[in-house]
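Undergrad: What follows is a single structure, and I will ask about it in a moment.
The values are calculated or read from the model by the stated rules, or taken from the named source; none is laboratory data. Please read these numbers as outputs of a predicted model, since none were measured by experiment. Note that we place each Cβ from the backbone using ideal geometry, even for glycine, and neighbour counts take in every protein chain shown.
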Amino acid sequence: MTTDNTVRTSPGPTLAGPPPPGSDVFLRINDLRIQFKTDDGIVKAVDGLSFGLGRGKTLGIVGESGSGKSVTSLGILGLHRGRGRNADVTGEIWLDGEELISTPQERVRQLRGQKMAMIFQDPLTSMHPYYSIGTQIVEAYRVHNAVSKKVARRRAIEMLGRVGIPRPERRVDDYPHEFSGGMRQRAMIAMALVCNPELLIADEPTTALDVTVQAQILDLIRDLQGEFGSAVIIITHDLGVVAELADDILVMYGGKCVEYGPADELFWRPEHPYTWGLLSSMPRVDRDVRDRLVPIKGSPPSLINLPRGCAFHPRCPYSERDGIPCRSVVPELAGEQQHLVACHLPAAQRRRIFSDDIAPAL
Amino acid sequence: MFRYIIRRLIAGVITLLVVTLVTFGIFFMVPKLTGTDPALLYTGKQTDKVAIEGARKKMGLDKPVIEQYGLFVKGLVVGRDYDDGPDKTHCPAPCFGYSFKNQFNVWQRMLSDLPVTASLAVGAAVIWLILGVGAGIISALRKGRAIDRAVMTGALAGVSLPIYFTGLLSASIFVYTLNWLPSPGYSPFLQNPLTWAQGLILPWITLAFLFAATYARLTRATMLETLSEDYIRTARAKGLRERTVIGKHALRSTLTPITTVFGLDLGALLGGAVLTETVFNLNGLGKDAVLAISTSDLPVILGVTMFAAFFIVLANLIVDVLYGVIDPRVRLA
Ligand SMILES: Nc1ncnc2c1ncn2[C@@H]1O[C@H](COP(=O)(O)OP(=O)(O)O)[C@@H](O)[C@H]1O
Ligand code: SF4
Ligand SMILES: [Mg+2]
């Protein structure tokens, strides 16, 4: 797991513009904000998110449900745009030199499925129940490639074989309900990869699946990434999943990034109390004693009325410790080198708390 | 798929048999309850005992109920003879008997009146499908905008205004005030398609307005629900054009419940559009039914009821089969 220095940039509130020419940053998000106007008020689902991703690299986005992960990924694909949608998207999304938020919708549509593709949490509801698997893959291929149905069908069969579906030439005509959950997710992956996208976003690709097939799907994504060389964003609420898979990890809470850094660093030396909470509530292979699982107390905040100051403060055991202004001042995302943390606790104290109190209990 | 169709077919035949049984039961119960003698109805207000007995015998009304039902079903399948000696009448299959009042063959009458009802129903159906589904889709895609509100207000009017009001109002405007249309009436399509359409346009629109309202609401609701489905998001994520997403992926799911309702509505209407035919004075099955009921003409009531039941069962069957074609998940069930 190597991390390229040029890939990550210090995320700040100012729009940083495109990555410098010649850098291998393939995707760069600057101060992304996505808000929804609803009857109850404005939902600030993503609030000033910035990150970068190198070609062929993997970024893990972690957070409890409702932290804005899916909204972020749909935002990258431009799926909040369009008539009748209640979203307001600002910031910059640079994909391979093109800024997507200011690009005409039609151009973004052409990039979707072709240059960037996505797989979703629940493969059953994410496929059209009335069309066969093959038809749906063929459609995904032909919208971006001017080929005959026959050629596209051959491609669909080839892709189904690649993702490990036995006898693909027969299964291609099956309908989604005729596939098992794991096979369906494989088919979704085949559909997402059919146009050879350079960016693949996997939004909780294993959450809806049996535990036994979860590992297979993750292995498959890793293998295919090696083979296709795509950059991958993998979204999950399971820190363990991305610790192995990702180069970088970004932890989201209440629509904001609270900790961001190389996967090793974040997994072994996490500095944010929320990340500690995620780690403590996560079952680990090297921990048989299940009862030491400690869930984070309280529930995720409302994105309409975020708590003032640090959004995590109502749940944080260190809130206001030694007079730090957790309840009134929003902590900036800051840090040395590549490891960024948004917390008022002094860095030295954070490291001490982790090594003295948290790590031994994990 | 084949076995599925066969199963549905058998279920349909059984349903029809049950309908004959129930209708026939009522056929027998009604005279008993109202204290009228069917034979008397047949002969008219005659007091001639011999004539009444003759009629009773000829119609088989003197036989036990079960046997009469057997004869009735037999008549439907192979035809039957009404026999009282020299005065023998053969009623070919499917035999629904003769009108008490006017002695006409019920089946012949229904056959000759069916084109009127069918023209009315099918013409109206085409209009309300296009209008209702179209308005519903536009409404869903422009949810909350002025056009959505206009459509929904129109739909509310459509479902709440009674057909004799809209029918008479439109006739008084377009026929009698503006003179844009000839007065409504039926002339055979094959004779002159133009006069056929001109005579029916007002009944069509009146009937279609009523149904289009329901369809617009149903389409809008289903479309909105479909648009929030995960697979619609997937379709967009694949980079499909918005018109493919809506016109193919969303529409296909939206049309499923509409197919069901449409089949049943059309089936029911083919059995007689009672109000519309009465309002516009069209001599179709609905009018036959009204006339028969108001004169206690039991064989005609029985015939029209069974005819309507047949169309509903047939429509159900077609809907079930179509459902299997549309939704692959149904085929397994
Ligand atoms: N179209 C929308 N309109 C209003 N609120 C939305 C919309 N989409 C998502 N949200 C809200 O945004 C928040 C973040 O959602 P999401 O990104 O799906 O969280 P997760 O991290 O679990 O993927 C949720 O509170 C959700 O209710
Ligand atoms: S800023 Fe305060 S409340 Fe927020 S995580 Fe740090 S210590 Fe906890
Ligand atoms: Mg999500």
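Undergrad: Quick check on residue A:69: is it away from every other protein chain (no Cβ under 14 Å), touching a residue at least 24 places away in the same chain (Cβ under 8 Å) and closer than 18 Å to residue A:304 by Cα?
TA: On the way: away from every other protein chain (no Cβ under 14 Å): yes; touching a residue at least 24 places away in the same chain (Cβ under 8 Å): yes; closer than 18 Å to residue A:304 by Cα: yes.
It is true that residue A:69 is away from every other protein chain (no Cβ under 14 Å), touching a residue at least 24 places away in the same chain (Cβ under 8 Å) and closer than 18 Å to residue A:304 by Cα.
Undergrad: Next question. Any idea which of (1) within 16 Å of ligand 3 (Cβ to nearest atom); (2) within 14 Å of chain B (Cβ to nearest Cβ) is the one residue A:81 doesn't satisfy?
TA: Among (1) within 16 Å of ligand 3 (Cβ to nearest atom); (2) within 14 Å of chain B (Cβ to nearest Cβ), the lone unmet condition for residue A:81 is (1).
Undergrad: Just to be sure before I move on: is residue A:49 away from every other protein chain (no Cβ under 14 Å), under 18 Å from residue A:231 (Cβ atoms) and either of a type in the set (A, V, I, L, M) or in a helix (DSSP H, G or I) (or both) in the structure I sent?
TA: In short, yes.
Undergrad: Only one of these is at positive phi, surrounded by 20 or more Cβ atoms within 10 Å (Cβ to Cβ) and in contact with a helix residue (DSSP H, G or I) (Cβ under 9 Å, 6 or more places away or on another chain): A:134, A:113. Name it. Full working, then the answer.
TA: Numbers: A:134 fails: at positive phi.
Only one candidate qualifies: A:113.
Undergrad: Among the residues of the range A:43-63 satisfying the criterion of being within 14 Å of ligand 1 (Cβ to nearest atom) and touching a helix residue (DSSP H, G or I) at 6+ places or on another chain (Cβ under 8 Å), which is nearest to residue A:222 (Cα to Cα)?
TA: A:60
Here is a yes/no grid of residues against (1) touching a residue at least 60 places away in the same chain (Cβ under 8 Å); (2) over 19 Å from residue B:18 (Cα atoms); (3) away from every other protein chain (no Cβ under 14 Å); (4) assigned to a helix (DSSP H, G or I):
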{"position": "B:265", "(1), (2), (3), (4)": "yes, yes, yes, yes"}
{"position": "B:288", "(1), (2), (3), (4)": "yes, yes, yes, yes"}
{"position": "B:292", "(1), (2), (3), (4)": "yes, yes, yes, yes"}
{"position": "B:305", "(1), (2), (3), (4)": "yes, no, yes, yes"}
{"position": "B:313", "(1), (2), (3), (4)": "yes, no, yes, yes"}
{"position": "B:317", "(1), (2), (3), (4)": "yes, no, yes, yes"}
{"position": "B:324", "(1), (2), (3), (4)": "yes, yes, no, yes"}
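Undergrad: Where residues in the range A:84-102 are within 14 Å of ligand 1 (Cβ to nearest atom) and not in a loop (DSSP other than H, G, I, E, B), which of them is nearest to the other protein chains (Cβ to nearest Cβ)?
TA: Step one: list which residues in the range A:84-102 are within 14 Å of ligand 1 (Cβ to nearest atom), which gives A:84-89.
Among the residues that remain, those that are also not in a loop (DSSP other than H, G, I, E, B) are: A:87-89.
Working: A:87: 13, A:88: 17, A:89: 15 Å.
Here the answer is A:87.
Undergrad: Look at residue A:114 and say whether it is part of a loop (DSSP other than H, G, I, E, B), within 13 Å of chain B (Cβ to nearest Cβ) and closer than 17 Å to residue A:26 by Cα.
TA: When the stated conditions are applied, residue A:114 passes them.
Undergrad: Restricting to the range A:124-163, name every residue that is within 9 Å of chain B (Cβ to nearest Cβ) and either among the polar types (S, T, N, Q) or under 23 Å from the mean Cα position of the chain (by Cα) (or both).
TA: A:124, A:125, A:126, A:127, A:132, A:136, A:140
Undergrad: Counting only residues that are within 12 Å of chain B (Cβ to nearest Cβ), under 28 Å from the mean Cα position of the chain (by Cα) and surrounded by 16 or more Cβ atoms within 10 Å (Cβ to Cβ), how many does the range A:164-178 have?
TA: 1
Undergrad: Restricting attention to the range A:227-238, which residues are more than 8 Å from residue A:58 (Cβ to Cβ) and more than 14 Å from ligand 1 (Cβ to nearest atom)?
TA: A:227, A:228, A:229, A:230
Undergrad: Which residues, taken from the range A:195-208, are free of Cβ contacts under 8 Å to residues at least 60 places away in the same chain and surrounded by 16 or more Cβ atoms within 10 Å (Cβ to Cβ)?
TA: Within the range A:195-208, just A:206 meets the criteria.
Undergrad: Further question on the same structure: Would you check if residue B:215 is aromatic (Phe, Trp, Tyr), out of contact with any Lys or Arg (no Cβ under 8 Å at 6 or more places or on another chain) and within 13 Å of chain A (Cβ to nearest Cβ)? Even if it seems obvious, please write down each step before you answer.
TA: On the way: aromatic (Phe, Trp, Tyr): yes; out of contact with any Lys or Arg (no Cβ under 8 Å at 6 or more places or on another chain): yes; within 13 Å of chain A (Cβ to nearest Cβ): no.
Spelling it out, it is not the case that residue B:215 is aromatic (Phe, Trp, Tyr), out of contact with any Lys or Arg (no Cβ under 8 Å at 6 or more places or on another chain) and within 13 Å of chain A (Cβ to nearest Cβ).
Undergrad: If residue B:269 satisfies all but one of (1) in contact with an Asp or Glu (Cβ under 8 Å, 6 or more places away or on another chain); (2) surrounded by 23 or more Cβ atoms within 10 Å (Cβ to Cβ); (3) assigned to a helix (DSSP H, G or I), what's the number of the condition it fails?
TA: (1)
Undergrad: Can you name every residue in the range B:230-252 that is within 7 Å of another protein chain (Cβ to nearest Cβ) and over 17 Å from residue A:111 (Cα atoms)?
TA: If the condition is that a residue be within 7 Å of another protein chain (Cβ to nearest Cβ) and over 17 Å from residue A:111 (Cα atoms), then B:230, B:231, B:249, B:252 are the ones that fit.
Undergrad: Can I ask one more? Pick from A:232, A:251, A:258: which is crowded, with 20+ Cβ neighbours inside 10 Å, within 16 Å of ligand 3 (Cβ to nearest atom) and at pLDDT 90 or above? Before you say what the answer is, go through the steps one by one.
TA: Values: A:232 fails: within 16 Å of ligand 3 (Cβ to nearest atom); A:258 fails: within 16 Å of ligand 3 (Cβ to nearest atom).
On inspection, the qualifying residue turns out to be A:251.
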